[in-house]
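Here the structure comes first, spelled out in structure tokens, and everything after it is commentary.
The values are calculated or read from the model by the stated rules, or taken from the named source; none is laboratory data. In this text, all values refer to a predicted model and were calculated from it rather than measured experimentally. As a convention, Cβ positions derive from the backbone with ideal geometry for all residues, glycine included, and neighbour counts pool all protein chains shown.
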């Protein structure tokens, strides 16, 4: 053997065979290692490393590999790799095609790096050829060293475009070779790590090492995420496989949050790539084979990530408490960018179906796995879940999906979701029912657009898209049908809260669901709910929105009651008792059996008429008008819903009372008194019911009051009530003696209401005029109502069902998004600052303005109307003793006011 000269030694070794290498290993290995570690020449160091790897590594026993070889070779290899990278980074910026010397130097460094990676690959490949299990401690230095080289090589390739600026083409061939070698080295290392055993005595150290390996490979995933699909997928496959292979040893040591976060991030990135490709193909109108193939590959990558996520979650769910937010957000973010979301890009139906069939189906089991996991449900049902507008629909759809899956879960899991937090030490959360209603309420934009979802296929019927309302209602009712009776208190509470809430559409959903419960449940349950609702109505103080919706619910529920329990309802709330009139005004008598309807109609009519007559005979005090309005509401209920059950005698009596009340109405009083406006709005539909029998004198009086009142711009509900009467005038042949008084006023009212700027009044005016024009025998009145070309054009368009100024689907969607964002911002501010704004700083007082002339006029009109009412009362009978004293006091007050004015 040659003495100290390294070059002579290396030349001599070129002729050695395997037997000689094995025999001389103890003598030669130390000298080669010394040469390798002390050499300053990169090429010589690579040459020595290759000799060590190819000629002597195969003869070192597995038990001695770490101490004899890897611990001494690999640190110097890492140092060499860092030196090469530093040299490239320092020279890359000056690289140009004119600088031949620098160009050659950069290529030489890259070539040396390729050789280094080739040598390391051969080193790893040798270990893979061993026919025995490899304990991790036998190669402890190897994985971390190789992974360091792989990660930094990929990072260099990824940054090469910016690093080498415009000269990338000069060295692109070597960079490609470098990437391929790193790819090959990683593949070889993963094959080796599949052979690893962690069952030795030093398991604790092996656990730390394997966790470090998985963590480093996770870092590599973030580097290569958009470089190569196959490499990216295989790298993740390794992480999942190793985590599951050593499940029992690693489960409490792995960085589960980082792994789940990386999986979610890459899943979302791949999904967005799918959408971008699909959108580009949709916009270009082409289906190029290369684009479509790339789309299909990306969809399959999405499926791979979904399967990996589902698999990992299933195995490690007890350790994923900190990852619930990422999982929840992943689901919401995906469905916020997928139809039917307003925020989804426009893609073809074929691409949408392929994404749903390949990717979303694979992701679906994830929710099933998370149902029993308490941290997940506490997050999803949180009372403080603050979502951006585009995530409202996905949250609603998620809750519907959870409801569908819960039906197959044990009752204890269902209870977790359906029972809200009950103890102070629990995380505050809603029940699933309450959360669904809240989420549904936040989907105002999607409901108004409306967005549509796939329907359910019937027998031989094609799938028909359904609205979000239909979708949620059907699935909620299906879940209610499977809900155990023990969970009904939470269901009933959520239904009542939603019915009484501020959202009309959510209230309607709750009422539809409640009626389904009444039909699906027992007759006793239905009756119990009806009685509870009736008591709630009776306990409502005065007029309010909640009273009206409870009334609608009661009216619907009464139709679902069994006949014997309807009788029980009339016994619990006798219609002959005055205190129950406020309840019966919300009931449709059509719900009752014929015999019961006739009996109740008679009793209600008697009590209602008696209450009206009592007021008429007691002095007609405005302060006591509310009972009269309740009685009129009862009479209207009887007339509109009793049908043939209302006999001729009571009908005549009702018309007589209506005529007497009309005689007391004065325009100025009605314009200023809400209670009188309510009376008017009840008298008008009652007159409509008897329109064929109304006395001509009363018709004249009605139109005189209406025409005068309309000049004072009454509230919307008064104008709407007038339209109901106007539409019914088409059925009436107006007597000749009153045509001159009635027809001009009728035409004037129609003309004014058809020009109303309130959209609701305007729409009803179009409908009312259409009904009148189709039925009236006074055809000459119709053109009088259309007193201008604009009104005439609007009516013609309405009759022809022509839309004016229709916005495009894109413009409508953008408008709805803007409106939803504005509403969400307002709601957020309200939640942050409190109902009346922040209490940190008191609000500035409003500026005090002088009263207007209109305010003075309104106040005096009210006083004048009150005096007119007193004058009318004095004409009907003697005055009480105290009246003179009261008038003197008023005279004194008027004198003082006159002095103040002067």
Original post:
Is it true that residue 501 is at pLDDT 90 or above, within 27 Å of the chain's Cα centre (by Cα) and assigned to a loop (DSSP other than H, G, I, E, B)?
Top reply: yes
**OP:** Residue by residue through the range 220-241, note down the ones that are surrounded by fewer than 21 Cβ atoms within 10 Å (Cβ to Cβ) and farther than 21 Å from residue 175 by Cα.
**Re:** 233, 234, 237, 240, 241
Subject >> Lone qualifier among 571, 565 - being farther than 28 Å from residue 418 by Cα and in contact with a helix residue (DSSP H, G or I) (Cβ under 6 Å, 6 or more places away or on another chain) >> reply: 565
**OP:** Go over the candidates 234, 226 one by one and state the one that is within 28 Å of residue 160 (Cα to Cα), assigned to a loop (DSSP other than H, G, I, E, B), without any contact (Cβ under 8 Å) to a residue 60 or more places away in the chain and outside the structural domain of residue 353 (by TED's automatic domain parsing).
**Re:** 226
**OP:** Pick out the one residue from 712, 698 that is surrounded by fewer than 19 Cβ atoms within 10 Å (Cβ to Cβ) and in a loop (DSSP other than H, G, I, E, B).
**Re:** 712
Subject >> Matching residues, the range 509-535, being free of Cβ contacts under 8 Å to residues at least 24 places away in the same chain and either buried (at least 17 other Cβ atoms within 10 Å of the Cβ) or not in a helix (DSSP H, G or I) (or both) >> reply: 521, 522
Original post:
Which residues, counting only those in the range 83-106, are assigned to a helix (DSSP H, G or I) and in contact (Cβ under 8 Å) with a residue 40 or more places away in the chain?
Top reply: 83, 84, 85, 88, 89, 92, 103, 106
**OP:** For residues that are free of Cβ contacts under 8 Å to residues at least 24 places away in the same chain and assigned to a helix (DSSP H, G or I), scanning just the range 742-787, find the one that is surrounded by the most Cβ atoms within 10 Å (Cβ to Cβ).
**Re:** 782
**OP:** Could you tell me which residue of the range 55-81 is surrounded by the fewest Cβ atoms within 10 Å (Cβ to Cβ), considering only residues that are free of Cβ contacts under 8 Å to residues at least 12 places away in the same chain and part of a helix (DSSP H, G or I)?
**Re:** 64
